[in-house]
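Let me begin by presenting the structure, written as C-alpha cells, before commenting on it.
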Amino acid sequence: MDGVGDATVWDAVVVGAGQAGLSASFHLRRLGLRHVVLDAATAPGGAWQHRSHSLTMADVHGVADLPDLAAPPADPATAARTAVPAYFAAYEQRYDLPVLRPVDVDRVEEGPERLLVVHARDGRTWTARTLVNATGTWRRPFVPHVTGAEDFAGLSLHSSRYDGPEAYAGRTVLVVGGGASAVQVLGELAPVTSTLWATRRPPLWRDPDSEPFDGRAAVALVEERVRRGLPPASVVSVTGLHLRPQEQRARELGAYASRLPMPRRLVADGGVWPDGTHRAFDVVLWATGFRPDVAHLAPLGLRAPGGGIALDGTSAVADPRVQLVGYGPSASTIGANRAGRQAALAVRRVVGGHVLTSARP
C-alpha cells in the first residue's frame, strides 16, 4: 500500500505520526474507518527522535500513554530520543497502524465531489473524505526578528539544534526565551560556561508545592484562543515555570536571577540593551519555541481573521472535513490523546457513520 496510482478514496488521511497522529490512527481503526497515516520522518518517534542527546527521561515533563498501551518504565538516564521513539515504534507495530514513511506532504487541495487531495512532494497523491492534520510544530522553529542579527559574528542557533552543553564550554552564551526549554538549557549550560538570559517579558514562575499543576485548566486556556481563531499559544506558556532538582546548581550560580530584557540590537561581538549597555557573548541560543506546521493547508483557506485556524473541538470551523490534532490545546502530550479520539469521532460523523469493520485493533 504505497498510494501510487491507488484509486482508493480513504475515509481519512492522517498527516503526521507523532503522539497525536498515532492516537488518531488508533481510534480511527477502532471505529473501522479506512485511513492511512503519512509521516515525513524516516523512522517512528515524531519530534522526540530529534531531541538533544542530553535530554534524558529524568528531564522530560512526562510522556502521556498512548491509547490502550502504557509507556514502559524507562531508566531515568536513558536519552528521551531513544526511549520514546522505541515506544512509538512498538505501538505502531502492536496495533498494525497504517503508517507510510517517508512522505513529505506538500499541500492539500479541494478535489472533485467534495473530496480532499493530499499531495506529497515526490508527486504521490491520496484522496480522502476527511483529513486529520497532526503535523505539530517541530519543523517550524521560531526565531524573533532582532535588529542587527545579520551583523552578529558568533554562533546563532535555535534550541532545536542544541545537542548538549559540551560544545559551549568556555564560551559566553545568551539564551533567549521565557519557556521551559530556556530554563532547561540554562540548567545545563550554567555549570560549564558563562550565561546570560533574555526574555521578552518577565517569566511566570510557579511553586509546585503551593501551586500544583492543573493540566486541564492549562489546556482550556489554549482551547479558548483557538476557538476564537487566534494563533495558539503553547500549553507550556500558561502553566508557569519551576526549577527541578537538576537545575538547582544553575540557580545557585545566579543563572535565573540575572534575567535581562530583550536586546535592542545585536552587534558583531554581542548585543546592546535598551539602556545602552553593551554585553559581549559568543553564542545566541534561541529557545523561542515553534509555530504550527500548517502551511500545506493554505489552499483550503482555513485561517480566521485573527490569524489562526478557528476550531470547534478538533474540527476546523471553516471546513469540518479537516481535523487538527497536535495544534493549540493538543500540541503537547497533555491534550494529544483526547484530541485523537475526538478527531476520529468527528471523522465518523462526516463520513456518515459508515463502519467498514467492527474489528478492534
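The values are calculated or read from the model by the stated rules, or taken from the named source; none is laboratory data. This is a predicted model, so every value here is computed, not measured. Please note: Cβ atoms are built from the backbone with ideal geometry, for glycine as well, and neighbour counts cover all protein chains shown.
Listed values, structure above:
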item	result
Hits in region 67-117 (condition: of a type in the set (A, V, I, L, M, F, W, C), touching a Pro at 6+ places or on another chain (Cβ under 7 Å) and within 25 Å of LEU55 (Cα to Cα))	PHE88, ALA89
In region 160-185, the residues that are in contact with a helix residue (DSSP H, G or I) (Cβ under 6 Å, 6 or more places away or on another chain) and under 20 Å from THR277 (Cβ atoms)	VAL173, VAL175
Which listed residue, of ALA298, ALA257, is of a type in the set (A, V, I, L, M), surrounded by fewer than 15 Cβ atoms within 10 Å (Cβ to Cβ) and either in contact with a Cys (Cβ under 6 Å, 6 or more places away or on another chain) or assigned to a loop (DSSP other than H, G, I, E, B) (or both)	ALA257
One residue from ASP39, ASP68 being modelled with pLDDT of 90 or more, over 30 Å from ARG107 (Cβ atoms) and among the charged types (D, E, K, R)	ASP68
Within region 10-22, considering residues that are touching a helix residue (DSSP H, G or I) at 6+ places or on another chain (Cβ under 9 Å) and at pLDDT 95 or above, the one surrounded by the fewest Cβ atoms within 10 Å (Cβ to Cβ)	ASP11
Filter result (at pLDDT below 90 and either touching an Asp or Glu at 6+ places or on another chain (Cβ under 6 Å) or under 17 Å from VAL118 (Cα atoms) (or both)) within region 287-336	PRO329
Strands (runs of 3 or more DSSP E) within region 54-166 that include 3 or more residues over 22 Å from PRO292 (Cα atoms)	125-133
Qualifying residues in region 53-100 (those that are over 26 Å from VAL15 (Cβ atoms) and polar (S, T, N, Q)) - the one farthest from the chain's Cα centre (by Cα)	THR78
Filtered residue count, region 34-63, keeping only those that are crowded, with 17+ Cβ neighbours inside 10 Å, within 25 Å of GLN323 (Cβ to Cβ) and of a type outside the set (Lys, Arg)	14
